[in-house]
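The values are calculated or read from the model by the stated rules, or taken from the named source; none is laboratory data. These numbers were taken from a predicted model, which means no experiment stands behind them. Glycine also receives a Cβ, built like all others from the backbone with ideal geometry; neighbour counts cover every protein chain displayed.
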Amino acid sequence: MGLAQQAITLARDQNVETWITPYVSASNAKHLPFADGVFDRVIMSDIVEHLYPGELRTALEEIYRVLALGGELLIHTMPNLWYYCYGYPLFRLVQRLRGVSLPVDPRERFCFSHVHVNEQTPHTLGKAMSSIGFSYWRVWLYDYREYTQYSPAMRYIMRLLTRLPIVKQIFCDDIFGAARK
């Protein structure tokens, strides 16, 4: 059984099928087995970073094809490469001062990061979406974490760093995108 089929089986075992579209299918994002213009909405959650740049373009073209006129695409991806390049080294330094040791490469904190072949910045995700022909698109950063593992003071600082307009560009790790056909 392939990974996509395993994910669908897991979703069905968790009774997720009661609230997801009846069109759930084990398919390849680069070759969607649906007719043109049949979906009002498509969600790409945590997929972008697993597709090589050419594959991402093909997947976005396929999504554009299956979306109805006025249909919407919602994307979530992480990490934000600007966080990995600029924010994480500062976070790591603060943690070191607190007595917490973190690896130099932030990817070493996660066991599945080796399958991230196309990590994005808000700019690169926007460029990918704009190149497809969507009539409208936008990209934003949004941090939904609660930081409950930190002290109240540190929690406040983390929320501030991930929400202030300029600073969040390098401290917010979650990138969202939306597009309309």
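Only one of these is surrounded by 12 or more Cβ atoms within 10 Å (Cβ to Cβ), outside any helix (DSSP H, G or I) and not polar (S, T, N, Q): 150, 144. Name it. Explain how you work it out, then say what you get.
Working: 144 fails: surrounded by 12 or more Cβ atoms within 10 Å (Cβ to Cβ).
Just a single option satisfies the conditions, and that option is 150.
Taking into account only those residues within region 115-141 that are within 15 Å of residue 174 (Cβ to Cβ) and of a type in the set (A, V, I, L, M, F, W, C), which is surrounded by the fewest Cβ atoms within 10 Å (Cβ to Cβ)?
If we take residues in region 115-141 being within 15 Å of residue 174 (Cβ to Cβ) and of a type in the set (A, V, I, L, M, F, W, C), then 140 is surrounded by the fewest Cβ atoms within 10 Å (Cβ to Cβ).
Contact list please: Cβ distance under 7 Å, first residue in region 164-176 and farther than 11 Å from residue 144 by Cα, second residue part of a helix (DSSP H, G or I) and among the aromatic types (Phe, Trp, Tyr), pairs at least six apart or on different chains.
That search, which allows pairs on different chains as well, returns 169/82; 170/82; 170/83; 170/86; 171/83.
Only one of (1) surrounded by 21 or more Cβ atoms within 10 Å (Cβ to Cβ); (2) farther than 19 Å from residue 115 by Cβ; (3) touching an Asp or Glu at 6+ places or on another chain (Cβ under 6 Å) fails for residue 63. Which number is that?
(3)
Against the condition at pLDDT 55 or above, within 20 Å of residue 116 (Cα to Cα) and not basic (Lys, Arg), how does residue 38 come out, does it pass?
Working: at pLDDT 55 or above: yes; within 20 Å of residue 116 (Cα to Cα): no; not basic (Lys, Arg): yes.
So residue 38 does not fit the description; no.
Determine which member of the set 26, 59, 11 is assigned to a helix (DSSP H, G or I) and modelled with pLDDT under 95. If you could, list the steps in order and put the result at the bottom.
Details: 26 fails: assigned to a helix (DSSP H, G or I); 59 fails: modelled with pLDDT under 95.
Every option except 11 fails the conditions.
Here are the criteria: (1) exposed (fewer than 15 other Cβ atoms within 10 Å of the Cβ); (2) on the phi > 0 side of the Ramachandran plot. Tell me which single one residue 164 does not satisfy.
(2)
Which members of region 76-122 meet the condition of being assigned to a helix (DSSP H, G or I), among the hydrophobic types (A, V, I, L, M, F, W, C) and within 28 Å of residue 57 (Cα to Cα)?
Our first condition is that a residue be assigned to a helix (DSSP H, G or I); within region 76-122, this holds for 81-97, 106-109, 113-115, 122.
Okay, now just the ones that are also among the hydrophobic types (A, V, I, L, M, F, W, C), so 81-82, 85, 90-91, 93-94, 97, 115.
Answer for region 76-122, where residues must be assigned to a helix (DSSP H, G or I), among the hydrophobic types (A, V, I, L, M, F, W, C) and within 28 Å of residue 57 (Cα to Cα): 81, 82, 85, 115.
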